[in-house]
Amino acid sequence: ALEDAVSQLRAAEAAAQSARARQSDYRLRAPFAGRVLRREAEPGDLARTGTPMFVIADPADLRITADIDERDIGRLAPGQEAVLKSDAFPGQTFPSRLTELTPQGDAASRVFRARLAVPAGTPLRPGMTVEANLVVARRAAALQAPPEALSDGRVRVVLGGRAPAR
């Protein structure tokens, strides 16, 4: 009877240990600390491997993904300055920096993917669409003119109510 009781005890302990190991499989763990942006599943839904249940992001580690045409890729390198604009914040620009360029472009669309770092504290949010302008050169004493003033490689300047081309 004692041997039978010891055998049952060992079997129960093994079953309990197995249940504790399986229990950890039922816990959801994010790969990093962040904020839940969207819930893709409801309590009681059946979880499947490879099916997202939550979309999370770390607001402190915000980055922009941009597509760069192959004809422009030769003028870019990590570390370059970029300026971002968003329709959500008209009239404002946000500084950024090119951190990474993919080594291979997409053969069909002929674009390369670029990653831009955004400083902490920016009002931009994950999922927003932005316009990214990468700075390839700066000229301190450049003459600027609005696009409407240009035609056929010349600029029109208003002088005394007339606009001669120069």
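The values are calculated or read from the model by the stated rules, or taken from the named source; none is laboratory data. As the structure is a prediction and not an experimental result, all values here were calculated from the model. Note: ideal-geometry Cβ built from the backbone for every residue, glycine included; neighbour counts use all protein chains shown. Protein only, heavy atoms only, side chains kept; ligands, DNA and RNA dropped before computing areas. Shrake-Rupley method; radii C 1.70, N 1.55, O 1.52, S 1.80 Å.
What's the long-distance tail for region 25-120, i.e. % of Cα pairs beyond 20 Å?
On the way: 2589 of 4560 pairs.
The proportion of pairs with Cα distances above 20 Å equals 57 percent.
Across the chain, the relative contact order, built from alpha-carbon pairs under 8 Å that are at least six residues apart, equals 17 percent.
Positive contributions from Lys and Arg (+1) and negative ones from Asp and Glu (-1), summed over other residues with Cβ under 13 Å from the Cβ of A163, come out at +3. One quarter of the surface of the convex hull around the alpha-carbon atoms of the chain equals 19.4 nm², the direction-averaged projected area. Highest GNM mean-square fluctuation among Q23, Q144, Q92, for the chain modelled with Cα contacts below 10 Å: Q144.
Using helices alone, what [θ] at 222 nm do you get for the chain, with -39,500 (n - 2.57) per DSSP H run of 4 or more residues, divided over all residues and rounded to the nearest 500? Present the calculation step by step, with values, prior to reporting the outcome.
On the way: 1 runs with 24 residues, N = 166.
After summing the helix terms and dividing by residue count, I get -5000 deg cm²/dmol.
At 1.567 mPa s and 4 °C, plugging the Kirkwood radius over alpha-carbon pairs of region 77-166 into Stokes-Einstein gives what diffusion coefficient in µm²/s? Show your work: numbers first, answer last.
Working: Rh = 16.6 Å.
Here the translational diffusion coefficient equals 78 µm²/s.
Largest GNM mean-square fluctuation across L101, L124, L46, computed for the chain with C-alpha springs under 10 Å, falls on L46. Against the chain, whose longest principal axis comes from its Cα atoms, helix 2-25 is set at around 10 degrees. Given the options A60, A141, A132, which has the most mean-square fluctuation in a GNM of the chain, springs set between C-alpha atoms less than 10 angstrom apart? Among A60, A141, A132, the largest mean-square fluctuation in the Gaussian network model of the chain belongs to A141.
How much net charge surrounds V111 when only the other residues with a Cβ under 9 Å from the Cβ of V111 are counted, with Lys and Arg +1 and Asp and Glu -1? Write out the running numbers ahead of the final one.
Details: positive: R110, R113; negative: D67, D69, E70, D106.
Here the count lands on -2.
Equivalent ellipsoid semi-axes for region 1-76, as square roots of 5 times the alpha carbon gyration tensor eigenvalues: give them largest first, rounded to whole Å. Mind dumping the intermediate values first?
Numbers: eigenvalues 505, 49, 28 Å².
Gyration-tensor ellipsoid for region 1-76: 50, 16, 12 Å.
The residues neighbouring A149, those whose beta-carbon lies less than 11 Å from its own, together hold a net charge of +2 under the Lys/Arg +1, Asp/Glu -1 convention. Solvent exposure of the chain amounts to 81 Å² per residue of accessible area, where only protein heavy atoms count and the probe is 1.4 Å.
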